Amino acid sequence: MTETGRTTHFGYREVPEAEKAGLVHGVFTSVAARYDLMNDLMSGGLHRLWKDAMMDWLAPRPGQHLLDVAGGTGDIAFRFLARAAGTRAVVLDMTEAMLAEGRRRAAADALSGRLDWVAGDAMALPFPARSFDVYAISFGIRNVTRIGYTLAKAFRVLRPGGRLMVLEFGRVPNDLLRAVYDAYSFNVIPAMGRAVTGDRDSYRYLVESIRRFPDQERFAGMIRAAGFGQVAWRDLTFGVAALHSGWKL
C-alpha cells in the first residue's frame, strides 16, 4: 500500500498506485522489438483496419497538430500524417524502446521532419495547455493508473474545438462470442507471446487488462465527466474493439 492507501489494478492483481507505471513500463520494454508483429498475429491483422477506421472517423485536416499518446512505434501518427498535407505529430510514450522502433520507421519513411518523439507519461503531459488539435490514444488508456485523471489531462492540452479519439478494446455483448473470445485470449495469446517474444506473463497481463477496462457505455461517461462534449462511440468487430470520440467545446 502507498502512504495514501490507494491501489489500482495491474491485470487481475491489485498493486499500489505508485508501482503501476513501472510495471507497465516493464511490460512494453520487454515486448518492444516484437510488438508490431504480435499485434498482427494476435488480431489477424484486424488492428490495422481498426486504426484505419479511427482515421476515417477523425478525418484529419491540413495543418492539424496531433498528440499521439502511448503512441509506441507511431502507428497512429503515421496514418494521421498520410491523410492530410501540412499536418504534424508528436508521439509520446513512456517506453524508450518503443520510441526507438518508431524513430527507425520514421527515418525509413522520410517523415522525421513532421514527427517528434517524446518519452513521457500520459498522466503528466509535458506540454502547455491548448497545444494540440487532436489527442489520440490507441490501446493505451487501459494501462494508465487513473483513467479519469488522464482524460482530464487530454482536455487540458487540446485547443478549443479540439478532438479526443480513443481506440481501445471493448466489451463483447454477445455471450457466445464473448466465451469464444475469452477462450482465445486466455489460452492462445499468452502462449503466442511466449513463442514470439519469450514473454508469456506480459501478454497474460495485456489480456487481463482488457477485462478490467470499463465497458463502452461506462467509458463514454468518463469522457463526459472529463469535460468533453458530443461523446460517441462505435463498436468494431462485434465489440472486440471500440472507437470513442469527444470534443472540447
Task: Sole residue being among the aliphatic types (A, V, I, L, M), touching a Phe, Trp or Tyr at 6+ places or on another chain (Cβ under 6 Å) and not in a strand (DSSP E or B), chosen from Leu66, Leu99, Leu41, Leu37 - done: Leu99
TODO: Examine the range 7-27 for a residue that is over 26 Å from Ala119 (Cα atoms), basic (Lys, Arg) and out of contact with any Phe, Trp or Tyr (no Cβ under 7 Å at 6 or more places or on another chain), and state whether such a residue exists.
DONE: yes
Open item on the list: Taking the criterion of being surrounded by fewer than 14 Cβ atoms within 10 Å (Cβ to Cβ), under 25 Å from Met123 (Cα atoms) and without any contact (Cβ under 8 Å) to a residue 40 or more places away in the chain, would at least one residue in the range 170-177 satisfy it?
Closed with: no
Task: Residues satisfying the stated conditions in the range 212-246, i.e. hydrophobic (A, V, I, L, M, F, W, C), buried (at least 17 other Cβ atoms within 10 Å of the Cβ) and assigned to a strand (DSSP E or B) - done: Val231, Trp233, Leu236, Ala241, Ala242, Leu243
Task: Test result for Ala183, assigned to a helix (DSSP H, G or I) and more than 21 Å from the chain's Cα centre (by Cα) - done: yes
TODO: Working carefully through the options Ala84, Ala77, Ala154, find the one that is surrounded by 20 or more Cβ atoms within 10 Å (Cβ to Cβ) and either free of Cβ contacts under 8 Å to residues at least 24 places away in the same chain or farther than 23 Å from Leu37 by Cβ (or both).
DONE: Ala154
Open item on the list: Out of everything in the range 8-52 that is over 30 Å from Arg234 (Cβ atoms) and of a type in the set (Val, Ile, Thr), what residue ends up being modelled with the lowest pLDDT?
Closed with: Thr29
Task: Leu67 at negative phi, under 15 Å from the mean Cα position of the chain (by Cα) and at pLDDT 95 or above - done: yes
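The values are calculated or read from the model by the stated rules, or taken from the named source; none is laboratory data. None of the values given here were measured: they were computed from a predicted structure. Cβ: placed from backbone, ideal geometry, glycine included. Neighbour counts: every protein chain shown.
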